[in-house]
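The values are calculated or read from the model by the stated rules, or taken from the named source; none is laboratory data. Keep in mind it's a predicted model, so treat the numbers as computed, not measured. Positions of Cβ are backbone-derived with ideal geometry, glycine not excepted, and every protein chain shown enters the neighbour counts.
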Amino acid sequence: MFFAIGILSVNFGYGGNTIHVNSPYAVTTVVSLLSLLSVFVVTLFCASGVLRDSEYKMQEMVFTTGLSRWQYICSRFTGVISCTLVVFVFALLAMLLGLVLFGKAHQLGAFSLYNYLWPLVVMALPNILLNTVLLFSVSAFTRNVAATYISGVLLYVLYFAGSMLGNSPLMASYSPASPDEAYMVSLLDPYGLAAFYSETSFWTATERNSQFPALQGAFLINRMLWFAVSVMIMMVTYARASFTLSSKRAKGHANEVSEAFVPVFYTVVSTVTDRLMAYWLMFRARVKMELLTIFRSIPFMVMALLWVFLVAIETSEHIFHGMFSISSYPTTGLIVNIIWSASFVLIPVIFYSNELMWRERSMKISELVDVTPVSNVVLFLSKCVVLALVIVMFILFSILTGIGIQVFSGYFKFELPLYLSIYYYGGLRLFLFGILALFTQSLIPNKYTGMAVSGGMIGLLLMLPRFGVEHHLLRYADVPGLQYSDMNGFGHFSTAFHWQIIYWTAVTGIFAVLAFSFWRRGTFQTKLKCPGALVKPFLAAFLVTAIISGGAIFYKTNIQKPYKTSKEIIGRRVDYEKKYKSFGNLPQPIISSVKTEVDLFPDERMYHVKGTYAVKNSGQQPISKVWVGFDPEVQPKAVVLDDMFPDEQDERFKQYWFELDNALMPGDSLVMEFSLQVEKTGFMPFNTENSILDNGTYIELEKYLPFFGYAPDLELKDPVERERYGLPEQEGWVKLENAKPEKYEWVNYEAVISTLTDQKVVSVGMLQDEWEIEGRRYFHFKTEQAIPFMFGISSARYKMIKEVHNGIEVEFYYHPGHEYNIERMLESTKHSLDYYGKHFSPYQFEHIRLAEIPHYRGAATAYPGVIFVAESMFLYDFRDPEKPDYAYTMAHEVAHQWWGGQLMPADVQGFKTLTETLAQHSELLLLEEKYGRGKMTQFIAHELDAYMSSRGYDPGNELPLYRSESQVFVHYQKGAVIMNGLNRLMGEQKLNTALANLLKKHGYPANKPTTEDLLLEIYTVAPENRELIDDWFKRVFIYDLKVLSAKYEQQEDGKFKVIAEIMTKRNSVRENKQEVAATLSEAIEVGVFTAYPDEAADDQVLYLEPHHFSSGTTTLIFMVDEKPEILAIDPYLTRVDRNRIDNIMVFGK
């Protein structure tokens, strides 16, 4: 297993393509995790090595020899740790082999043996020593194999349980609350992983690829501390453990001798003459014997315990540690998604297939069994049934764990049929892999070789897509990636899943029949036998079923719609760019109005669109050739331009060219009619933005309507692949300094959308009418004014709540049973409409709709007057008052009705800053107004941590906020921090005035704004802060603010004099993220509190004032009225601080 992990480690994810797989960070990560897993290797060696004497009843002889205590302990301990190190060295060699076999050039850095030796010495050796000492001690004190096995598993279980409960950086939900907590977590992690990840969490890709954490501070203390603990435990073991045979033990052996001679009396056994009955009795006896042997064994108990723990940890991480550490309601659907996809159950499947196959040989009774009149079919099928029951048990453990988590959470809607569906959607596939493992091991004459080959083969089969084998008919037991949704069940791929399970079950049946023929009986290898008369009908049935089901899959995958491999899809993008890029500047008309008729057929997984465009020439030169294109997922049916059909067409790329008899002059218009069809069966790739589902259809229609001219979105985007195919670097956004005045090109929209009679449709525009005819339900939408070219559609069996708030119709469409958070979302929506309407500009529509869609995509998406909200948002548990109210995400999406809905930026650098950054800022304003600065600061803390972490994995140079392009962490996370700082610097009223002026001057139908326009409005209301504003928006700075010491002295008048020493500096980030010390001279808030700032109420703020700081150390002295508890610089996170944890200090620590 270690060898396999090592060789496959080149395929692990280390945080992005920019982290080299042989970098110090990546190698240390793998080596550290392997050293943690070494607990299982040490367990095996302790159970077999240390306890060998007692297991084989040899302790009396050993203890009567001349071996000293030192010799005995030293030899056994050295043997265990040496064997473990040998295994570990093989893993390291496998890592090197993996680089040769699977490493890709862009994944590899310069090779250095030091990259492997450092983690071996600093991480692996101390961790292996600790594991060996702990388990050796258990073995020495208990002299019991079961205790050793259980201790090994408990050590692993308790480590992860402690990591989760202790908020370790090892867990995805990590978010340190204080410097003391972060420091203690780093010290108390016995394997050093928390210390390692704490040191490297905010490193850039360059740092991860080139250096190791310094051996100092908490990291060095951690390593020294746990080495010392290992030595102390070993000393206690040497001094206290008994290495003699106790009198009680000796007495027990005497009893064993006396009880050894038990008389066995002859009994008459009746003979069964009926062949089928005999087979049945043999089969039942074999199954019973195998089950009892497995279920009573220590390895099974250990694996079961470990499995329950892994499922509990995985489920808890998903359920109780979501965004901002917010829990979800533990619905059965969420838990089933976690359980059924847990592929690590393949390990016990492979293990037990090997154990079952070699049971008789291992127990030295194979010759006896082989001469009995038991059919090969009985022998093999009994092992298959037992393997199936093992899988049943592991899934049962998973289900009981899930139910236990629900009960613990006070949730009692168990949905047992859904739990039982795991046996079909997950268990059956595991069983097929188990049969394959049995078949493979029937061909191999060695137990351990058979296990290695079957495990390696299954691992290889799972990795086939990496080698270009993608078709489901060629990937053993491969099924689509199902995801359960309360709205849509197992959804898009469920039909394909059924067909593929039938196909692979039939193929596996053929393997089973072949296994009968290869079955080994006797000492010598037997020749391949022809299948007997009993199994020939089954072989024929399996073969016919495989052919029929495989043919059906091939037809639905390859014939109904041309099948494309990943390579072919990439090739299409490459060829499209090479063929049409040069025509990208041809003048084309723009769309001024859109009318569509959309017919949704959820039961058939398809939809039809008939539409009409009114197009006009908004340019300065005539247009003589009109170029129309369609998305690759669309099947165009017709396209007619002013009664003209295309003169040229390219069917491969779905491009159509019209030569106009009379050129379209500037200002002139034409009408284009089109029709198209989209089919999205379960045998086609799933697209979350274009999904036609039984319940929960969601279509971003604007992306699949015809377009004019060249489409950069159809280009190949991966820079590595572009280089491989000889394409130049992809053009980015237009530089800010090259921006030209841009007019809005918004459209009037009207649509008639039909669906099934039991569903409701949600889309943009006012609902004009609704009717039913001929078993179809129709909805007529029409916009009240021009809108951006955005036409989202959803259709589902919705329940609907409707309120009228200040003259605006607020409609909420949701799945029945998902009422948990509707009230809070409605409150957030109404609060947003009130605040933004008052401080920015009036809301532009008479309605706003919120509609639930399945949780296949992100949290929410805003369209004009409509917000589509992912199902997962409805399942969050927002009742904990100590955590941020993530329901206020609605405030972000409602804000897009202004930032993107009333104001659309020019298509230049900074586009996302004017949409996403301003929406983030708007959300923060509402959070602070509703819950106070503390809760808002919790949100900012999350965004700051995400920014510092994400920038470390990004390969490019970080752009300033006002030039943001595709670096999400800049315009989302960093943008939120900077706007928070700007709000504290200028004041909320001034900043709101600047944003309102921006909307007034640059909202539709004026010229589109750029970030320069935003800054101009900010300068106007806060000219005194221009230099600092430019620093934050136009440059990249990283602050380093730290409280070095904090103390107080009580005065005679009862007040307290606070004396604080604070270090402040900032670095300018240059090319390749190199940092250079920069001048710091600005006022930063310092606060004194009786609680942590993000939890402090107004009456717990004793002091909050700005102080002027320069680079270096500053000593502050001031008075407070009450006894201070906590001092902080920048308590409300207005600066992009490298480590926000050390800007807080508890007095007296």
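Tabulated values for the structure
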read-out	value
In the range 406-417, the residues that are in a helix (DSSP H, G or I) and either surrounded by fewer than 18 Cβ atoms within 10 Å (Cβ to Cβ) or of a type in the set (D, E, K, R) (or both)	V407, F408, L416, P417
Residue tally, condition assigned to a helix (DSSP H, G or I) and touching a helix residue (DSSP H, G or I) at 6+ places or on another chain (Cβ under 8 Å), over the range 979-1010	19
Selected residue (only one of Y411, Y423 is assigned by TED's automatic domain parsing to the domain that holds F320 and in contact with a helix residue (DSSP H, G or I) (Cβ under 8 Å, 6 or more places away or on another chain))	Y423
Checking E929 against (1) of a type outside the set (S, T, N, Q); (2) over 21 Å from E803 (Cα atoms); (3) assigned to a helix (DSSP H, G or I); (4) at pLDDT 95 or above, the condition it does not meet	(4)
Total residues in the range 559-575, condition surrounded by 14 or more Cβ atoms within 10 Å (Cβ to Cβ) and either on the phi > 0 side of the Ramachandran plot or of a type in the set (A, V, I, L, M, F, W, C) (or both)	2
Subset of the range 440-454 [within 16 Å of F351 (Cβ to Cβ), part of a helix (DSSP H, G or I) and in contact with a helix residue (DSSP H, G or I) (Cβ under 7 Å, 6 or more places away or on another chain)]	T440, Q441, K447, G450, M451, V453, S454
Matching entry among T1020, T1011 (being in the same structural domain as N983 (by TED's automatic domain parsing) and under 34 Å from the mean Cα position of the chain (by Cα))	T1011
Unique residue being touching a residue at least 60 places away in the same chain (Cβ under 8 Å) and assigned to a loop (DSSP other than H, G, I, E, B) when the list is G98, G109	G109
Test: residue in the range 868-877 that is buried (at least 21 other Cβ atoms within 10 Å of the Cβ) and under 26 Å from S841 (Cα atoms)	yes
Filter pass, L982 being at pLDDT below 95, surrounded by 21 or more Cβ atoms within 10 Å (Cβ to Cβ), under 36 Å from the mean Cα position of the chain (by Cα) and more than 28 Å from K743 (Cβ to Cβ)	no
Residue ID - farthest from L676 (Cα to Cα), chosen from residues in the range 692-706 that are surrounded by fewer than 24 Cβ atoms within 10 Å (Cβ to Cβ) and of a type outside the set (A, V, I, L, M, F, W, C)	N695
Qualifying residue in the range 774-793 (condition: polar (S, T, N, Q), buried (at least 22 other Cβ atoms within 10 Å of the Cβ) and assigned to a loop (DSSP other than H, G, I, E, B))	no
Residue satisfying condition, being without any contact (Cβ under 8 Å) to a residue 24 or more places away in the chain, acidic (D, E) and not in a strand (DSSP E or B), within set D1099, D1094, D1142	D1099
Some residue of the range 318-329 being assigned to a loop (DSSP other than H, G, I, E, B), modelled with pLDDT of 80 or more and among the aromatic types (F, W, Y)	yes
T596 being of a type in the set (S, T, N, Q) and in contact with a Phe, Trp or Tyr (Cβ under 7 Å, 6 or more places away or on another chain)	no
Some residue of the range 565-574 being out of contact with any strand residue (DSSP E or B) (no Cβ under 8 Å at 6 or more places or on another chain), modelled with pLDDT of 95 or more, of a type in the set (S, T, Y) and assigned to a helix (DSSP H, G or I)	no
Number of positions in the range 455-496 that are among the aromatic types (F, W, Y), assigned to a helix (DSSP H, G or I) and touching a residue at least 24 places away in the same chain (Cβ under 8 Å)	1
Residue match in the range 495-502 (condition: under 25 Å from the mean Cα position of the chain (by Cα), closer than 28 Å to K680 by Cα and crowded, with 19+ Cβ neighbours inside 10 Å)	yes
Filter pass, D1040 being under 40 Å from the mean Cα position of the chain (by Cα) and surrounded by fewer than 20 Cβ atoms within 10 Å (Cβ to Cβ)	yes
Residues being under 16 Å from T331 (Cβ atoms) and free of Cβ contacts under 8 Å to residues at least 60 places away in the same chain - total across the range 854-894	3
Residue within the range 752-767 that is small (G, A, S) and part of a strand (DSSP E or B) present	yes
Residue within the range 188-204 that is of a type in the set (G, A, S) and touching an Asp or Glu at 6+ places or on another chain (Cβ under 7 Å) present	yes
Qualifying helices (runs of 4 or more DSSP H) (wholly inside the range 3-87; at least 2 residues being modelled with pLDDT under 70, more than 23 Å from V133 (Cβ to Cβ) and in contact with a Phe, Trp or Tyr (Cβ under 9 Å, 6 or more places away or on another chain))	none
Some residue of the range 667-674 being in contact (Cβ under 8 Å) with a residue 40 or more places away in the chain and over 24 Å from P589 (Cβ atoms)	no
Strands (runs of 3 or more DSSP E) completely within the range 796-893 that count 3 or more residues being β-branched (V, I, T)	866-870
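Quick grid of which residues meet (1) surrounded by 24 or more Cβ atoms within 10 Å (Cβ to Cβ); (2) farther than 26 Å from V1101 by Cβ; (3) touching a residue at least 12 places away in the same chain (Cβ under 8 Å):
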{"residue": "G900", "(1), (2), (3)": "no, yes, yes"}
{"residue": "D907", "(1), (2), (3)": "no, yes, yes"}
{"residue": "L914", "(1), (2), (3)": "yes, yes, yes"}
{"residue": "F939", "(1), (2), (3)": "yes, no, yes"}
{"residue": "D954", "(1), (2), (3)": "no, yes, yes"}
{"residue": "P960", "(1), (2), (3)": "no, yes, yes"}
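Each row is one residue, and each column tells you yes or no for (1) in contact (Cβ under 8 Å) with a residue 60 or more places away in the chain; (2) within 30 Å of D954 (Cα to Cα); (3) assigned by TED's automatic domain parsing to the domain that holds G611.
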| residue | (1), (2), (3) |
| --- | --- |
| E702 | yes, no, yes |
| L714 | yes, yes, no |
| G726 | no, yes, no |
| N748 | yes, no, yes |
| I753 | yes, no, yes |
| Q759 | yes, no, yes |
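Conditions tested, residue by residue: (1) within 43 Å of the chain's Cα centre (by Cα); (2) aliphatic (A, V, I, L, M).
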site	(1), (2)
N585	yes, no
S592	yes, no
D599	yes, no
R605	yes, no
T612	yes, no
G619	no, no
Q635	yes, no
L641	no, yes
E651	yes, no
